[in-house]
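Below is one structure, written out as structure tokens, with a few remarks after it.
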Amino acid sequence: MLSIDLKLIEQAFINLISNSISALKNINQPMIAIDYRLDKHKLYLEVSDNGKGISTETKEKIFVPFFSTKKEGSGIGLTITRNIMKMHQGKSSFNSF
């Protein structure tokens, strides 16, 4: 049994999927995968894509409020997502290859 705010978790997923969609511009055969696993009573949720990746410089700023690499971006999506995860005793992390 999970005790979560479905609307907040939904918003976090919207933010992550929106970022994935942006990363897939001009990518041949774009793909977004959503996966989950349960390990030692912890639920892991993952959104991944085969987009262009994140530069080393951007990696350091990705969760900074109001930082965005998009012209139309507000820079609050990943900050909100991270806060939603913290509210649920979770955390947000990322990998870029």
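Computed from the coordinates by the stated procedures, all read-outs in this text should not be read as laboratory data. Here the structure is a predicted model, which is why all the values come from computation and not from measurement. Backbone-built Cβ (ideal geometry, glycine too); neighbour counts: all protein chains shown.
If you go through the stretch 14-43 and keep only what is hydrophobic (A, V, I, L, M, F, W, C) and either part of a strand (DSSP E or B) or within 21 Å of GLN89 (Cα to Cα) (or both), you end up with ILE14, LEU16, ILE32, ALA33, ILE34, LEU38, LEU43. Within the stretch 46-59, residues that are closer than 24 Å to MET85 by Cα have Cβ atoms under 6 Å from residues that are of a type in the set (D, E, K, R) in these pairs: GLU46/ASP35, counting only partners at least 6 apart in sequence or on another chain. Scanning the stretch 61-84 for residues that are under 17 Å from LEU8 (Cβ atoms) and among the polar types (S, T, N, Q), which turns out surrounded by the fewest Cβ atoms within 10 Å (Cβ to Cβ)? The residue in question is ASN83.
Which count do you get for residues in the stretch 1-45 that are over 20 Å from LYS70 (Cβ atoms), without any contact (Cβ under 8 Å) to a residue 60 or more places away in the chain and of a type in the set (A, V, I, L, M, F, W, C)? Talk me through it step by step, then tell me what you get.
So in the stretch 1-45, the residues over 20 Å from LYS70 (Cβ atoms) come out as 1-10, 28-29, 31, 33-45.
Remaining after also requiring without any contact (Cβ under 8 Å) to a residue 60 or more places away in the chain: 1-3, 6-7, 10, 28-29, 31, 33-45.
Next cut, of a type in the set (A, V, I, L, M, F, W, C) only: 1-2, 6, 31, 33-34, 38, 43, 45.
So the count comes out to 9.
All of ASP39, ASP49, ASP35 fail the test of being of a type in the set (Asp, Glu) and either farther than 24 Å from ILE9 by Cβ or surrounded by 11 or more Cβ atoms within 10 Å (Cβ to Cβ) (or both), apart from ASP49.
State yes or no: is SER93 in contact with a Ser or Thr (Cβ under 8 Å, 6 or more places away or on another chain), under 27 Å from ASN26 (Cα atoms), free of Cβ contacts under 8 Å to residues at least 24 places away in the same chain and not in a helix (DSSP H, G or I)? Can you show your working first?
Details: in contact with a Ser or Thr (Cβ under 8 Å, 6 or more places away or on another chain): no; under 27 Å from ASN26 (Cα atoms): yes; free of Cβ contacts under 8 Å to residues at least 24 places away in the same chain: yes; not in a helix (DSSP H, G or I): yes.
In short, no.
Note on the stretch 6-42: residues that are over 17 Å from the mean Cα position of the chain (by Cα) and among the acidic types (Asp, Glu) total 1.
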